[in-house]
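Peer 1: This is the structure, below, for whatever I ask next.
Rule-based calculations on the coordinates, nothing more; no lab input. Predicted, not measured: the structure shown is a model, and the values here were computed from it. Cβ atoms come from the backbone with ideal geometry, glycine included; neighbour counts cover every protein chain shown.
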Amino acid sequence: MIHATFLGIDSSREVMQLLVNGIVNGAGYGLLGAAFALVLGTTARFHFALSLNYTLAAFLAAVVVKDAGLPFGLAVLIGLLVGIVSSVLCEAVVYRPLAGRAGASTLLSVFVASLGIVIAGQNFLQLVWGSTPLPLPGPSESTIRISSVVVSSFAVGLVVAAVALCAALQFTLRRTGFGRQILAVRVNPLMASAVGVDVGRIFLVVFAIGGLLAGVAAIFQGLRFSATPTMGTTPVFYALVVAFFAGPARGPLFVLATGIAIGIIESESTLWLTAKLSSLVVFGLLLLYLSQTELRNMLDRASRRRRRPARATAVADPASTR
């Protein structure tokens, strides 16, 4: 066993175990972040209710297994379908009519509405089924040991599913005609509509894809831990961080890689911090990123203001000489 004493690290085994844990957690963050970035980048909707879509997929799957005795596979299909449909309904029933009335304040209005959807949905689930965590019985979980690092089969499944889904989505966006329509709407909805693209249908499809990605991430979360009516709140905050760092216009695989990087940073920070404080590292990095971005924008604006009088003087001088 090689021991490391650099910066208080006692064991290389601990570092490697935390690295693997970070990759697994980051895959979940990245998959949900890819869903959020796709919706935000294409529709300009701040879909915070993705938290509820995430919750419905896993929690209702656990409910139908427990109450109706349905097999795991059928319960997962029902949960994913509910997650997809609920995501589409957010756009069709709430966001689209609201955007038509809100005008320039659409982004804020949609965000407030999505917060209302999450609060109402979580309270409804708690009133009907309570707040007790529900297990999601599924395939038996096995443990995989690589040298001194231990990882569960569900964790490996999450990473594989995240990579496969993000790769499939990226291929669809870049190599298919329908994917190019989505990209066209992302770049310029008005121009896309002018050349015959049904922007409203694209919006609904994007929300459906987002609901599917969120549902898959939630199912693995339920398998690894349990399902609760509020299980989507924390993951969607991490998805926001991932989407902001990666950029909503970036490809799904890049967003996934960003999520994995954030998961590793969060996990490795527990070498020096408690588990609760480690999450502050991620949001602290987001704050620094946004702060330096705003500072750079302020410096750019100041630089342009300094150059503007010089250009005005240069234009005025020939006139004065005449």
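Peer 1: How much length would be gained if the chain were fully extended between SER226 and ALA68, taking 0.36 nm per residue of separation minus their Cα-Cα distance, in nm to one decimal?
Peer 2: So the extension gain works out to 55.1 nm.
Peer 1: Another question, then. Compute the angle between helix 50-63 and the longest alpha-carbon principal axis of the chain, please, reported from 0 to 90 degrees and rounded to the nearest 10.
Peer 2: Rounded to the nearest ten degrees, it is 10.
Peer 1: With everything on Cα atoms, drop me the angle between helix 153-175 and the longest principal axis of the chain, reported from 0 to 90° to the nearest 10.
Peer 2: 30
Peer 1: Using helices alone, what [θ] at 222 nm do you get for the chain, with -39,500 (n - 2.57) per DSSP H run of 4 or more residues, divided over all residues and rounded to the nearest 500? Spell out each step's value before the answer.
Peer 2: Details: 12 runs with 239 residues, N = 322.
Helices in the chain give a 222 nm mean residue ellipticity of -25500 deg cm²/dmol.
Peer 1: If the label point is 7 Å along Cα→Cβ of VAL199, which residues in segment 77-103 have backbone nitrogen under 15 Å from it?
Peer 2: Taking a point 7 Å out along Cα→Cβ of VAL199, the residues of segment 77-103 whose backbone N falls under 15 Å are 96-103.
Peer 1: Can you give me the angle between helix 12-43 and the longest principal axis of the chain, using Cα atoms only, in degrees from 0 to 90, rounded to the nearest 10?
Peer 2: Rounded to the nearest ten degrees, it is 50.
Peer 1: Another question about this same structure. If the chain between LEU290 and PHE111 were fully stretched, how many nm would it gain, using 0.36 nm times the residue separation less the Cα-Cα distance? Provide the component values of the computation, followed by the final result.
Peer 2: On the way: separation 179, 0.36 × 179 = 64.44 nm, distance 1.92 nm.
Length gained, LEU290 through PHE111: 62.5 nm.
Peer 1: If you take the Cα atoms of segment 118-201, find Rg, then find the Kirkwood Rh from the mean of 1/r over all pairs, what is Rg/Rh?
Peer 2: Values: Rg = 21.2 Å, Rh = 17.5 Å.
Rounded to two decimals, Rg over Rh is 1.21.
Peer 1: Just need log10 I(q)/I(0) for the chain at q = 0.13, 0.16 Å⁻¹, Debye formula, equal scatterers on the alpha-carbon atoms, no solvent, rounded to two decimals.
Peer 2: For the chain at q = 0.13, 0.16 Å⁻¹, log10 I(q)/I(0) is -1.01, -1.37.
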